[in-house]
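Only the coordinates and a few stated rules stand behind these numbers; no lab work does. These figures come from a predicted structure and were not determined experimentally. Note that we place each Cβ from the backbone using ideal geometry, even for glycine, and neighbour counts take in every protein chain shown.
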Amino acid sequence: MSETAVVDMKIDPARASALISQLQGVRERIAAVAQGRPVRLVAVSKLKPINDILALHTTATSPQVHFGENYAQELGQKAALLPRSVQWHFIGGLQSGHCRSLAKIPNLFCVSSVDSLKKAQLLDKYRGERIASSSSEGEEVPRLNVHVQVNTSGEESKSGCAPGADTLALCRVIVQGCPHLRLLGLMTIGAIARSRAATTAEEENEDFVALRAQRDLVATELGLGVDELELSMGMSEDFESAIALGSGEVRVGSTIFGERPARADAKVVV
């Protein structure tokens, strides 16, 4: 499907209006807490059709640019169909076998779930190949932004590096040994119970406090300013608390798009 065909795809006006209204509501809530500080909103579009993404990207007065996906194959399909002006974020559990396909997507803005040396090195290798091939074709593909995922809650079910030495070691390797990657910052998901208990800007989530401490440690040890490493934390239920504690990126899905279908029922195009 060509880019022109995608741009001309039918967008239901009523659906687009509802999505834009919900997006604007989230933006207003972010602005109220951020108080002028820039906070990137990643609209989590997993299991939602590209019609919805296109509505927010092309019909909103202030287009939504950043979209997040949890499944590598779904992200690849959507990236191939939608305009290159969309900035993609891979926010799901990262598998080594997906590093090549992800790194080759030119408008993949960030991989937010890097949790091992092997995965960082694979992303660096394949992004380097993509940069080299694009250069010979007269195309510019930037370094790939990454977040190191930290398991701040210590839950066995959660991915991520252990806080402390493991997180620092991985960050050091990315900064010093992965020339095709850029360490954008640290990310955590945290415990669900803590998210549900800290739903306002006045309530502190201890996972967010822990990630901020990790960021400060990494910045100090690597000789970076804390403003050079962002915090990516906060989702639909707790993004205001996250922003109050310094988050520079929040990931919001259902509050914008509504409930998701079962994965088996999801369609890339409707």
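Answer yes or no as to whether residue 194 is under 20 Å from the mean Cα position of the chain (by Cα), surrounded by 15 or more Cβ atoms within 10 Å (Cβ to Cβ) and not polar (S, T, N, Q).
Taking the combined requirement at face value, the residue does not satisfy it.
Could you please give the count of residues in segment 197-216 that are surrounded by 17 or more Cβ atoms within 10 Å (Cβ to Cβ) and either touching a residue at least 60 places away in the same chain (Cβ under 8 Å) or not in a loop (DSSP other than H, G, I, E, B) (or both)?
Number satisfying all stated conditions: 8.
Looking for something buried (at least 21 other Cβ atoms within 10 Å of the Cβ), within 13 Å of the chain's Cα centre (by Cα), assigned to a helix (DSSP H, G or I) and not acidic (Asp, Glu) - is there at least one such residue anywhere in segment 35-56?
No: segment 35-56 contains no residue that is buried (at least 21 other Cβ atoms within 10 Å of the Cβ), within 13 Å of the chain's Cα centre (by Cα), assigned to a helix (DSSP H, G or I) and not acidic (Asp, Glu).
How many residues, within segment 201-229, are among the hydrophobic types (A, V, I, L, M, F, W, C), touching a strand residue (DSSP E or B) at 6+ places or on another chain (Cβ under 9 Å) and within 21 Å of residue 35 (Cα to Cα)?
Residues meeting the conditions: 2.
Here's a check for you: in segment 139-191, which residue that is in a helix (DSSP H, G or I) and hydrophobic (A, V, I, L, M, F, W, C) is surrounded by the most Cβ atoms within 10 Å (Cβ to Cβ)?
Across segment 139-191, the extreme among qualifying residues is 171.
Quick one: count up the residues across segment 153-167 that are out of contact with any strand residue (DSSP E or B) (no Cβ under 9 Å at 6 or more places or on another chain) and among the aliphatic types (A, V, I, L, M).
Matching residues across segment 153-167 total 1.
Out of everything in segment 123-138 that is aliphatic (A, V, I, L, M) and crowded, with 19+ Cβ neighbours inside 10 Å, what residue ends up being farthest from the chain's Cα centre (by Cα)?
Among residues in segment 123-138 that are aliphatic (A, V, I, L, M) and crowded, with 19+ Cβ neighbours inside 10 Å, the one farthest from the chain's Cα centre (by Cα) is 131.
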